[in-house]
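Contents: one structure, followed by commentary.
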Amino acid sequence: MLNEGRCGYVAIIGRPNVGKSTLLNYLLGQKISITSRKPQTTRHSLLGIKTKNNNQIIYIDTPGLHQRMHNAMNRYLNRSAINSIEGVDAIVWLVEALQWTNEDSYVLNALAKTSVPVILAVNKIDKVSNRNTLLPYIEKVTIKHNFTEIFPISALKDQNLEQLETKIIDLLPNGIKLFPEEQITDRSEKFIFSEIVREKLVRRLGDELPYRLTVQIEQFKNLKKITNISALIWVETEGQKGIVIGKKGQILKSVGKEAREDMEVWLNNKVFLQLWVKVKQGWCDSERALQQLGYSDN
Ligand SMILES: Nc1nc2c(ncn2[C@@H]2O[C@H](COP(=O)(O)OP(=O)(O)OP(=O)(O)O)[C@@H](O)[C@H]2O)c(=O)[nH]1
Ligand SMILES: [Mg+2]
């Protein structure tokens with residue numbers, strides 16, 4: 001008899017910087033979502049599709065839920081994360097071991113309104129030197145919601161992820177696969193590549209990164225032996241443009257090199273990458289400008 005597998009959607013949520021994208025990449029065994037030490041690295045929800053035997057888990061990586069909602073960009077990020085809680089089959093909520101912030105409380109409030117099963121994943125346990133402190137912490141968080149299960153994990157060091165995934169599959173409904181087995185994300189290569197450039201910028205510039213910077217792939221041309229790609233980096237002021245380019249163009253040069261190397265791995269082809277920095281004032285405060293740059297709810 002044909003053994004029908006399970007298939008469903010699972011949202012990975014949590015405050016900024018707690019390790020959501022790192023977890024997704026390790027669960028998939030491939031890097032599709034960018035990560036960095038800086039909060040609010042993820043700006044668009046994206047799907048990561050994992051097919052395992054007869055089962056298919058469709059993970060949704062979300063921007064970190066946060067409380068600072070002053071401009072259009074922040075409103076978009078929260079809307080995008082909250083919308084993905086609706087209609088999923090399970091939620092994995094990440095907190096960081098021994099840490100609790102107002103932003104965690106904010107996520108908890110959003111969860112209180114849902115009847116979807118929630119798995120609590122206590123991440124970054126590799127950072128905890130005294131394991132005796134972990135249990136009281138977990139007990140304190142556990143009583144805050146009716147969790148289906150609780151897993152202490154390390155997304156970075158691959159601790160307990162197998163067990164977490166087994167439990168996730170248990171929560172999915174029976175059903176046929178919604179995506180082809182070889183597909184790992186719903187996003188285009190253009191999207192992934194703009195994110196690769198942004199990751200290198202976030203990592204290189206750290207706190208100096210213009211918060212409102214965005215990247216757009218302008219040209220993407222697959223030739224036989226090489227792929228030509230050009231990307232526009234949008235900033236808001238001439239000063240920010242200077243920061244992104246760096247002294248004697250050093251920053252832009254190394255960002256270009258690192259991004260090109262990642263793209264070559266992804267495409268398994270040589271890449272010729274050109275980066276341009278452009279100034280567009282006030283785009284982050286305008287809903288219309290956001291839509292033009294691909295930040296839309298549709
Ligand atoms: N030590 C340790 N660091 C981790 C672990 N998981 C993630 N990190 C680090 O935490 C930082 C944030 O990780 P991300 O995956 O970008 O976090 P995020 O929740 O997706 O953040 P946003 O997209 O900004 O909401 C990165 O520097 C990761 O390397 C872990 O298990 N252990
Ligand atoms: Mg992220």
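The values are calculated or read from the model by the stated rules, or taken from the named source; none is laboratory data. Everything numeric in this text was worked out from a predicted model, so none of it was measured. Cβ: placed from backbone, ideal geometry, glycine included. Neighbour counts: every protein chain shown. Side chains are part of the model used for accessible areas, which takes the heavy atoms of the whole protein and leaves out ligands, DNA and RNA. Shrake-Rupley method; radii C 1.70, N 1.55, O 1.52, S 1.80 Å.
Listed conditions (1) at pLDDT below 95; (2) surrounded by fewer than 14 Cβ atoms within 10 Å (Cβ to Cβ) are all met by residue 257, apart from (1). Of all the numbered requirements in (1) under 13 Å from the mean Cα position of the chain (by Cα); (2) more than 11 Å from ligand 1 (Cβ to nearest atom), residue 9 misses one, and that requirement is (1). Of all the numbered requirements in (1) more than 16 Å from ligand 2 (Cβ to nearest atom); (2) under 15 Å from residue 11 (Cα atoms); (3) assigned to a strand (DSSP E or B), residue 111 misses one, and that requirement is (3).
When 34, 57 are checked against the criterion of being within 18 Å of the chain's Cα centre (by Cα), away from ligand 1 (no atom under 15 Å from the Cβ) and in contact (Cβ under 8 Å) with a residue 60 or more places away in the chain, a single residue qualifies: 57. Return a yes/no flag: does region 130-150 have any residue that is at pLDDT below 95 and in a loop (DSSP other than H, G, I, E, B). Yes; the residues of region 130-150 include at least one that is at pLDDT below 95 and in a loop (DSSP other than H, G, I, E, B). Summed over region 207-223, residues that are buried (at least 17 other Cβ atoms within 10 Å of the Cβ), free of Cβ contacts under 8 Å to residues at least 60 places away in the same chain and in a loop (DSSP other than H, G, I, E, B) total 2.
For every residue, the table says whether it meets (1) of a type in the set (A, V, I, L, M); (2) open to solvent by less than 30 Å² (accessible area, probe 1.4 Å).
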| site | (1), (2) |
| --- | --- |
| 38 | no, no |
| 45 | no, yes |
| 64 | no, yes |
| 71 | no, yes |
| 93 | no, yes |
| 120 | yes, yes |
| 127 | no, no |
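Scanning region 63-71 for any residue that is within 23 Å of residue 108 (Cα to Cα), more than 12 Å from ligand 2 (Cβ to nearest atom), among the hydrophobic types (A, V, I, L, M, F, W, C) and modelled with pLDDT under 95 turns up at least one such residue.
Looking across region 13-64, the residues that are in a strand (DSSP E or B), of a type in the set (A, V, I, L, M, F, W, C) and either in contact with a Leu (Cβ under 9 Å, 6 or more places away or on another chain) or closer than 16 Å to residue 198 by Cα (or both) come down to 13, 46, 49, 57, 58, 60. Criterion first (assigned to a helix (DSSP H, G or I) and surrounded by 13 or more Cβ atoms within 10 Å (Cβ to Cβ)) does residue 187 satisfy it? Answer is no for this residue.
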